[in-house]
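Peer 1: Have a look at this one.
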Amino acid sequence: MDDRELAQLLEAIETIHEHARRMGLDGFPMRYEICPADVLYTFGAYGMPARFSHWSFGKAFYRMKTEYDYNLSRIYELVINSDPCYAFLLEGNSLLQNKVIVAHVLAHSDFFKHNYRFAQTSRNMVETMSAHAARIRRYEMRYGRESVEALLDAALALQEQVDPHQALRRAPPVEPDEASKAPLRPSTPYDDLWELDELSTQARGEQTRVDGSNSRPGEGCRDLLLFLAEHARGLAEWQRDVLTIVREEMLYFWPQMETKVLNEGWATYWHARLMREMELTEEEAVEFARLHASVLARSRTHVNPYDLGYHILLDIEQRFGASGPGMSQPGDAAWQKLFEIRETETDLSLVRNYLTRELVEKLDLFVYRRDGDEWVVTDKDWHRVRDELVQQMTNCGVPVIVVADGDWRGSGELYLEHRYEGIQLDRVYAERTLPYVFRIWGRPVHLETVLDGKRAVLTCDGGRVVWK
Amino acid sequence: MSSRMFAVSRDDWSLHRTGHMDQQRHKEKVKEAIRNNLADLVAEESIILSDGQTVIKVPIRSLEEYRFRYDPDRRSRIGQGDGNTRQGETIGRAAAGPGHGSGGGGAGDMPGVDYYEAEITVDELADLIFADLGLPNLKPKGRPEMQQDAPRFDDVRRHGAMSNLDRRRTLKEAIKRSQRSAVRLSITRDDLRFKTWQEHRETHASAVVLAMMDTSGSMGAFEKYVARSFFFWMVRFLRTRYRTVQIVFLAHDSRAREVSKQEFFTKGESGGTRCSSVYELALSIAGERYPPEEHNVYAFHFSDGDNLPSDNDRCVELVGRLLSHCAAVGYAEVAAHRSSAGSTLRSALSSIEDPRFTCVTIRDKSDVYPALKAFFHGGPPQGPG
C-alpha cells in the first residue's frame, strides 16, 4: 500500500466513522493495523497478537495458512475485544474490502462495549495475554519445555470446563482447604474393613445430598479448571499459575463464543448499512455485492452465523416498524429494538426469542443426522429446528461436567459427574481426556455419565482407563 | 482532527515468527507420532496401494485435541438449503469409521471426520522405516567384472565441446557480467560454461528377490495383503542399497510356477500345499539365472503353514541348499487364526541354525514391521558387496 492509497483509506475511515456515529454506533477508539497474511493467520490461530506457545496453535495456523495459500478460504480481518479496539487488516485488501471491514469491525467494537456478556471481560487482554506468554516462556526455561507442554496439553483439553457465568452469580460453595486437608489414613491390613464402614457412610452421604445439604468438597463446582488449580495436591505454584492462565483466557473468549451469531449478524447488518451511505463507483458496488454475498454464503452442513444473525436482525427491524431492511432511523422503535437486542441478548436467547417460523422456512433451515453412512434431513418443523439450535448453543455446545466429590471415599480421589441431558458423551474422547484430569489431579479420577441409557463410570488411575 | 477516534499503522512484522515456531513443534510431534506408529503405518493400505503417488495421508490419532464433547454421531445438526430441501433427503455421505483413511471425495466437508491426517511422502516414511534396517550377513562379492568405469557429469569448466554447453550456467554468467558492468545482456566467449564428466568406478551390484507365496485355498485376502506390504517395503529397501532389484514371483499350491506380479497378489487357487515344490523351483531359477557370485539373492516365502507333514523334511533340506545360494532366506507364517504354537512346518524349519535364515509369525498387520526388522537385522547400513 503506497502513501496515496493510505491517504484514501484514511479518508474513507473518517467518513465511515462519521456515518457510524450519526447512526448511534458507539464503540471503543479504533486501532487499525495492516499486516501480512502470515501474521494475520497467526493472530487468527492464537486469537490474539501475543499468546503463549503451544503446538495446537501451530496446527491451527498451518491449517488456516494452507487454506489461504490454496485460495480455499480467506480471512480479511481480525478484531479484538479491547479498549482501544484493535482491528487487523490483511495487507493486499482492496480499498473497497477495507471499507467494508472498517464498517464491519466498528459494529463489533460497539458490540464489545455494550453487550452485557462482555461487561465482565478485561479490556486489557492484549497486554495481559502477552504477560501470560512471557510467564509461560519463563516456566519453559526453568522447568523444561516438555513439562510445560505436558501441563498445557492437559489444561487445554479441559479449558472448556469453566463456569462462564461465575462472575454473574455467587461462586460455588467450595471450602478451599477441605480437600487438601483431608486426612490420609496410613494403610493397614484392615483397610477392607474400613472400606465397609465407608460404604455405609457413603450411603448416608447419598441421603444427605438428596436432602440438599452440601458436605462434599467441591460438590457442584462446574469450574473444573479452577477446582483443579485450587485443590489438586501435588501441583507446584507455577503449575497452578498455568491452569489459572488458561482458565482466564478461556473466560475472556467465552462471551465471543456465546454471541457469534448475534455479533456477526450485528456487524453484517451495519457494514451493509454503512456501505449504503458511502458513495461507491459502479465497480465498487459490484465488488461490494460480491463480497457481501460471500460473507452470507450458505452450506448444507452448517449454519452460517453471519447469515443467520443478519436475517434475524433484519426480520426484527421490520417487525418493529421499519419500512424495509436497514431502513430504521436513529431513535425510532425499530432502531431502539435493535440496539436493545445487541445489549441484552446472546445467541441462545436471540434464537429462542426471535427465530420465527417464517425465518426458518425462508432460510431453509433443517435438522439432519447420521443414518447409517448417510446424512439425512430428519426434520423441517420450525419448532424442532429452533429447539435443536438452542440445544447446540446451550453452554456453547460443551457438555457440563461438575465435581461431585473432591475427596471420594475419603481417599483423595476425584469424582466427576456429567450432567446428562439426553446426548451422550463421545466415548473415545472421554477415555482420552480423563487421563488429563488425572495428570493434574495426581490421584485416581472418576467420571459418571450415561451411555446407551445406562449409568456408566469411567475411571482412570493413571495406567488404565476403564468403564464400569 | 484532534478528536479523531482511530489510528492506522503498519508495523514491521517480519520478526513475528510465533506461528511458524509452533507449527514446527507440531510437525515434530507429527513425526514423533509417525515414528511411534510405524508398525501400523507399514501395513497402511493407502501406502501399499498408492502405486507411484508420492504424498500420502496417514491418520494420526495422538494429535487430536481431545476434550469432553458430545458424541458427534448421535447428535442432530442444523443445515441450510437453497430453499426447497425436503424431509428425508440425503445431503451427504459419512466417511467410513475413523481409522480408515477418509477416502477423499469431499468427506472433509461432513461433520464428524475429525482426526488429524498428516501428509508425508513415501520417501520420508521410508527413511523412518529403514533407519533400523540393515543388510544381513553380506559376503563380499568382489567379482571384477561387476565393476566398471562409468562417466558421470559432475563438473563445470570453461572449455569443452559445444554439445556439452551448460546453457543455464552460461546465461547466469552473462547476466552477472552485464549487471556488474551495466551493459546490455549479451553472451561472450568468457561466459561459456561446459559440463564435464569424470570417470567413476561403479559397482553394478544387483539384488534379486525370490518372492514365494503359498496360494493354496487356505490363503485369504488378509494373508495376501500382508505378503504384499512386506514385499513392498522389502523391494523399496533393497533399492536403496542396490542399483537394480529384480523380483521373481513364484506361486505354489502343491506345484510351483513362476507368475506375474498381478497374479501373484490376486489369484487364489485351491488344493493342498507342498512347500518343497516352490523351494525346488527357486533353487533352479537361482541356479540358472542368478549365479551367487554376481547376485545377492533374497528369498522369502509366505505361507499359512498348512503343509503336508510328510513334506517338511524335504523343505528343511531345500532351505539349507537355498541358503548356500542366497544372501538371506526368510519364512513368514501368516497365522491370523492359529494358536500360538505354529505349524509343523514352522517348527521343522526352526531347527535350521543359520544366522541368514529368519523365521517369523505374522498375526496382524502391525507384525509386518517387526518381520521386516527381523529379516533385515544387519544393523547399521553397509554398502553392497
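Just so you know, all these numbers are worked out from the coordinates, no wet-lab data involved. Owing to the predicted nature of the structure, the values given are computational and were not obtained by experimental measurement. With ideal geometry, Cβ positions are generated from the backbone for all residues, glycine too; neighbour counts draw on all protein chains shown.
Peer 1: How would you rank B:164-170, A:436-442, B:83-89, highest first, on the average number of other Cβ atoms within 10 Å across their residues?
Peer 2: With the highest mean Cβ count within 10 Å placed first, the list reads A:436-442, B:164-170, B:83-89.
Peer 1: With each run of n ≥ 4 DSSP H residues scored as -39500 (n - 2.57), what mean residue ellipticity at 222 nm is computed for chain A after dividing by its residue count and rounding to the nearest 500 deg cm²/dmol?
Peer 2: -17500 deg cm²/dmol
Peer 1: In addition: 7 Å from Cα along Cα→Cβ at both A:Asp2 and B:Thr121: what's the point-to-point distance in nm?
Peer 2: For A:Asp2 paired with B:Thr121, the spin-label model returns 4.1 nm.
Peer 1: Using only Cα atoms and rounding to the nearest 10 degrees, what angle (0 to 90) does helix A:333-344 make with the longest principal axis of chain A?
Peer 2: Taking Cα atoms only, the helix is inclined about 30 degrees.
Peer 1: Give me the percent relative contact order of chain A, please, defined on Cα pairs under 8 angstrom at least 6 residues apart.
Peer 2: 15 percent.
Peer 1: If you don't mind, there's one more thing I want to ask. In region A:417-455, which GluC sites (Glu not before Pro) are in a loop and have at most 13 other Cβ atoms within 10 Å, using DSSP for the loop call?
Peer 2: A:Glu421
Peer 1: Rounded to the nearest 10 degrees, what's the angle between the helix A:237-258 long axis and the longest principal axis of chain A, both from Cα atoms, 0 to 90?
Peer 2: Long axis of A:237-258 versus the principal axis of chain A: about 40 degrees.
Peer 1: Next up: Hey, got the average number of other protein chain Cβ atoms within 10 angstrom for residues in A:380-392?
Peer 2: 2
Peer 1: While we're here: Taking the Cα atoms only, what angle lies between the long axis of helix A:260-277 and the longest principal axis of chain A, rounded to 10 degrees?
Peer 2: 10 degrees
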